[in-house]
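Remarks on the structure that follows.
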(Lines give C-alpha, C1' and ligand atoms only; values in the text may rest on other atoms or scores of the structure.)
Protein backbone atom coordinates (compact mmCIF):
# COMPACT_ATOMS: atom_id res chain seq x y z
CA UNK A 1 0.00 0.00 0.00
CA UNK A 2 1.37 3.40 -0.96
CA UNK A 3 1.74 6.30 1.49
CA UNK A 4 -1.03 8.14 -0.38
CA UNK A 5 -3.38 5.18 0.07
CA UNK A 6 -2.56 5.02 3.76
CA UNK A 7 -3.22 8.76 4.12
CA UNK A 8 -6.53 8.30 2.30
CA UNK A 9 -7.56 5.60 4.80
CA UNK A 10 -6.60 7.83 7.72
CA UNK A 11 -8.53 10.76 6.21
CA UNK A 12 -11.59 8.55 5.79
CA UNK A 13 -11.32 7.38 9.41
CA UNK A 14 -10.98 10.99 10.59
CA UNK A 15 -14.05 11.88 8.57
CA UNK A 16 -16.05 9.14 10.25
CA UNK A 17 -14.83 10.40 13.63
CA UNK A 18 -15.90 13.94 12.74
CA UNK A 19 -19.37 12.56 11.98
CA UNK A 20 -19.50 10.63 15.26
CA UNK A 21 -19.35 7.30 13.41
CA UNK A 22 -16.66 5.75 15.55
CA UNK A 23 -17.31 2.08 14.84
CA UNK A 24 -17.08 2.81 11.12
CA UNK A 25 -13.84 4.70 11.71
CA UNK A 26 -12.37 1.68 13.51
CA UNK A 27 -13.43 -0.55 10.63
CA UNK A 28 -11.68 1.71 8.13
CA UNK A 29 -8.47 1.58 10.20
CA UNK A 30 -8.63 -2.21 10.04
CA UNK A 31 -7.95 -1.92 6.29
CA UNK A 32 -4.42 -0.70 7.04
CA UNK A 33 -1.68 -3.20 6.21
CA UNK A 34 0.08 -5.12 8.96
CA UNK A 35 3.13 -2.93 8.97
CA UNK A 36 4.14 0.22 10.78
CA UNK A 37 1.10 2.13 9.51
CA UNK A 38 -1.18 0.31 11.99
CA UNK A 39 0.80 1.75 14.88
CA UNK A 40 1.80 5.10 13.43
CA UNK A 41 1.20 8.07 15.69
CA UNK A 42 -1.74 9.22 13.55
CA UNK A 43 -3.39 5.79 13.64
CA UNK A 44 -2.83 5.36 17.37
CA UNK A 45 -4.24 8.82 18.11
CA UNK A 46 -7.38 7.97 16.14
CA UNK A 47 -7.71 4.64 17.91
CA UNK A 48 -7.54 6.37 21.31
CA UNK A 49 -10.23 8.85 20.22
CA UNK A 50 -12.43 5.97 19.08
CA UNK A 51 -11.86 3.97 22.28
CA UNK A 52 -12.72 7.04 24.34
CA UNK A 53 -15.86 7.90 22.41
CA UNK A 54 -17.11 4.30 22.43
CA UNK A 55 -16.02 3.89 26.07
CA UNK A 56 -13.97 0.84 25.11
CA UNK A 57 -11.72 1.17 28.14
CA UNK A 58 -10.30 -2.37 28.04
CA UNK A 59 -9.45 -2.04 24.35
CA UNK A 60 -7.72 1.31 24.96
CA UNK A 61 -5.83 -0.13 27.93
CA UNK A 62 -4.71 -3.03 25.73
CA UNK A 63 -3.51 -0.52 23.14
CA UNK A 64 -1.51 1.31 25.82
CA UNK A 65 0.12 -1.96 26.90
CA UNK A 66 0.98 -2.92 23.32
CA UNK A 67 2.82 0.30 22.59
CA UNK A 68 6.50 0.46 23.31
CA UNK A 69 7.73 3.06 25.77
CA UNK A 70 9.09 5.21 22.96
CA UNK A 71 5.81 5.02 21.10
CA UNK A 72 3.77 6.00 24.14
CA UNK A 73 6.00 9.05 24.46
CA UNK A 74 5.40 9.90 20.82
CA UNK A 75 1.64 9.59 21.33
CA UNK A 76 1.57 11.18 24.77
CA UNK A 77 -1.32 13.55 24.24
CA UNK A 78 -3.76 11.02 22.79
CA UNK A 79 -2.69 8.40 25.34
CA UNK A 80 -3.01 10.89 28.20
CA UNK A 81 -6.44 12.11 27.12
CA UNK A 82 -7.60 8.49 26.94
CA UNK A 83 -6.35 7.96 30.52
CA UNK A 84 -8.21 11.09 31.64
CA UNK A 85 -11.49 9.97 30.07
CA UNK A 86 -11.01 6.51 31.56
CA UNK A 87 -10.41 8.03 35.01
CA UNK A 88 -13.59 10.10 34.69
CA UNK A 89 -15.61 7.01 33.73
CA UNK A 90 -14.15 4.98 36.61
CA UNK A 91 -14.87 7.76 39.08
CA UNK A 92 -18.45 8.09 37.80
CA UNK A 93 -18.85 4.34 38.33
CA UNK A 94 -17.63 4.69 41.92
CA UNK A 95 -14.19 3.17 41.35
CA UNK A 96 -12.11 5.90 42.98
CA UNK A 97 -9.01 3.72 43.25
CA UNK A 98 -9.22 2.80 39.55
CA UNK A 99 -9.65 6.48 38.69
CA UNK A 100 -6.51 7.30 40.66
CA UNK A 101 -4.57 4.60 38.85
CA UNK A 102 -5.70 6.03 35.51
CA UNK A 103 -4.65 9.53 36.61
CA UNK A 104 -1.28 8.17 37.72
CA UNK A 105 -0.88 6.60 34.29
CA UNK A 106 -1.73 9.97 32.72
CA UNK A 107 0.94 11.68 34.81
CA UNK A 108 3.54 9.15 33.68
CA UNK A 109 2.51 8.97 30.03
CA UNK A 110 1.85 12.67 29.46
CA UNK A 111 3.85 14.63 32.04
CA UNK A 112 3.53 17.92 30.19
CA UNK A 113 -0.25 17.48 30.14
CA UNK A 114 -0.51 16.75 33.84
CA UNK A 115 -0.67 20.44 34.72
CA UNK A 116 -3.17 21.07 31.94
CA UNK A 117 -5.67 18.55 33.26
CA UNK A 118 -5.22 18.62 37.02
CA UNK A 119 -6.95 21.98 37.33
CA UNK A 120 -9.92 21.02 35.15
CA UNK A 121 -13.26 21.07 37.00
CA UNK A 122 -14.08 17.45 36.11
CA UNK A 123 -10.75 16.32 37.57
CA UNK A 124 -11.14 18.42 40.71
CA UNK A 125 -14.61 16.93 41.17
CA UNK A 126 -13.05 13.47 41.43
CA UNK A 127 -11.25 14.39 44.63
CA UNK A 128 -13.24 16.97 46.57
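The values are calculated or read from the model by the stated rules, or taken from the named source; none is laboratory data. Here the structure is a predicted model, which is why all the values come from computation and not from measurement. All Cβ positions, glycine included, derive from the backbone under ideal geometry; neighbour counts span all protein chains shown.
Numbers for the structure displayed
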read-out	value
Flag if residue 55 is surrounded by fewer than 16 Cβ atoms within 10 Å (Cβ to Cβ) and assigned to a helix (DSSP H, G or I)	no
Condition check for residue 78: within 19 Å of residue 109 (Cβ to Cβ), surrounded by 20 or more Cβ atoms within 10 Å (Cβ to Cβ), at pLDDT below 90 and touching a helix residue (DSSP H, G or I) at 6+ places or on another chain (Cβ under 8 Å)	yes
Those residues of region 11-44 which are under 17 Å from residue 66 (Cα atoms) and surrounded by fewer than 13 Cβ atoms within 10 Å (Cβ to Cβ), in sequence order	30, 34, 35, 36
In region 10-46, the residues that are at pLDDT below 95 and under 19 Å from residue 81 (Cα atoms)	39, 40, 41, 42, 43, 44, 45, 46
Lone qualifier among 34, 16 - being closer than 25 Å to residue 2 by Cα and outside any helix (DSSP H, G or I)	34
Residue 66 vs. criteria more than 12 Å from the chain's Cα centre (by Cα), at negative phi and at pLDDT 85 or above	no
Test for residue 79: is it in a helix (DSSP H, G or I) and under 16 Å from the mean Cα position of the chain (by Cα)	yes
Search result, residues across region 95-116 that are in a loop (DSSP other than H, G, I, E, B) and at pLDDT 90 or above	95
Index of the failed condition, residue 119 passing every other in (1) over 30 Å from residue 3 (Cα atoms); (2) modelled with pLDDT under 90; (3) surrounded by 14 or more Cβ atoms within 10 Å (Cβ to Cβ)	(3)
